[in-house]
Amino acid sequence: MNDTQNGTTQINPICRNRQAPYSYEIIQNLDTTGALLFSLITLMTIFAFLVFLEEAYYMYKKIPGSKKSIMIWINAGAPIIAITACVGMWIPRSTMFTDFTASVFLAVFIHKFQQMLVSECGGRREFLKMFSEKKLQLSTGPCCCCCVCLPRKDINSRTLFILKLGTFQFAFLRPVLMFLSVVLWTNGTFILGSSSIDGATMYINIILAIITITALWAVGIMFNLVRPSLADRNIIPKFAVYQFIVILSQLQTSIINILGTMGVISCVPPLPGPSRASYMNQQLLIMEMFLTTLLCRMLYRRKYDTLTNQEENDNLENNTVDLNSKALEEKLHYEDKIQYA
């Protein structure tokens, strides 16, 4: 806060050095409203995590083994982001590390969502068999939505491998780049919000943007392909929730951090501008991810109740048909023996 004395403006040292405060400084400056808000948001984080644990236990018991781990990873996206945001809210100086954890998990989350699209079609072999006569549309967002002149590709094992590689490179390279960012940040080389051409921040952010867009493009291509076939499995609202998590955790965070760095979000001691921007973003993320966790539970639980029973019935019918056919073959074989005898 600025103080004016004898015609001169004195800037609060906290606003000048722009360093994040310690946890005890945040707690000491909390009023009644702030304490209630912190308590409510923390309870929302804990409740979201408990909802995820209950959902993970249900999926572990009910969903077949090939889909089990993929579904648990996808449902963990929102609560894990909420937990990292809650830790960053209580310990402002840990924001770089909590953002690193959330970014790593988000990269794996995007790769797992693409794997889910394939597994929902019955696996790799069934996927290739189902779409062998169709063409792959490359003109889709967020990379080439306006490039309608792009040729359509045949769907085979090679194109499926390339699509999977599009998200795998993101799941591999993003953690590496974020780890490099943390190391450079501790050395003072990586500065959050810096756009200087002499620093490493701008180049790392450009590479992160390229690999992120590539991964989202690969998921978008596959979603447009499987959407008509998986409409009965709520694939459209599931994809909408997936986009909701990605946009809020990436685009919203980037916009608010830029506003804090540019001074649009002002300094309010004990929080300088950038720290206050992160503080606001973390509180928003916790509330948004709490609602997303509940929405994920509705989408994935409600559908897989019926799907599991249906799969069990199908397996039972297939086993019955196999037993009947074997019995019929044995009967015919026995009759042929009697006839020749």
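The values are calculated or read from the model by the stated rules, or taken from the named source; none is laboratory data. Quick caveat: nothing in here was measured; it's all calculated off a predicted structure. When we count neighbours, we look across all protein chains shown, and the Cβ atoms used for this are built from the backbone with ideal geometry, even at glycine. To get the accessible areas, we keep the full protein, side chains included, count just its heavy atoms, and leave off ligands, DNA and RNA. Shrake-Rupley method; radii C 1.70, N 1.55, O 1.52, S 1.80 Å.
Brief remarks on what is shown
- Just one residue in the set 304, 242, 300 is aromatic (Phe, Trp, Tyr), assigned to a helix (DSSP H, G or I) and at pLDDT below 75; that residue is 304.
- Flag for residue 177 being open to solvent by 70 Å² or more (accessible area, probe 1.4 Å), more than 22 Å from residue 262 (Cα to Cα) and either at pLDDT 75 or above or of a type in the set (Ser, Thr, Tyr) (or both): no
- Test result for residue 252, open to solvent by 50 Å² or more (accessible area, probe 1.4 Å), of a type outside the set (Gly, Ala, Ser) and part of a helix (DSSP H, G or I): no
- Of all residues in the stretch 70-83, those satisfying the criterion of being open to solvent by less than 20 Å² (accessible area, probe 1.4 Å) and in a helix (DSSP H, G or I) are 70, 71, 74, 75, 77, 78, 79, 81, 82.
Residues are listed down the side, and each one gets a yes or a no for (1) hydrophobic (A, V, I, L, M, F, W, C); (2) crowded, with 17+ Cβ neighbours inside 10 Å; (3) at pLDDT below 90:
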{"site": "85", "(1), (2), (3)": "yes, yes, no"}
{"site": "122", "(1), (2), (3)": "no, no, yes"}
{"site": "148", "(1), (2), (3)": "yes, no, yes"}
{"site": "153", "(1), (2), (3)": "no, no, yes"}
{"site": "158", "(1), (2), (3)": "no, no, yes"}
{"site": "182", "(1), (2), (3)": "yes, no, yes"}
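- Residue in the stretch 45-65 that is part of a helix (DSSP H, G or I), of a type in the set (S, T, N, Q) and within 21 Å of residue 284 (Cβ to Cβ) present: yes
- The set of residues from the stretch 198-233 being in contact with a helix residue (DSSP H, G or I) (Cβ under 8 Å, 6 or more places away or on another chain), farther than 30 Å from residue 121 by Cβ and open to solvent by 40 Å² or more (accessible area, probe 1.4 Å) comprises just one member, 207.
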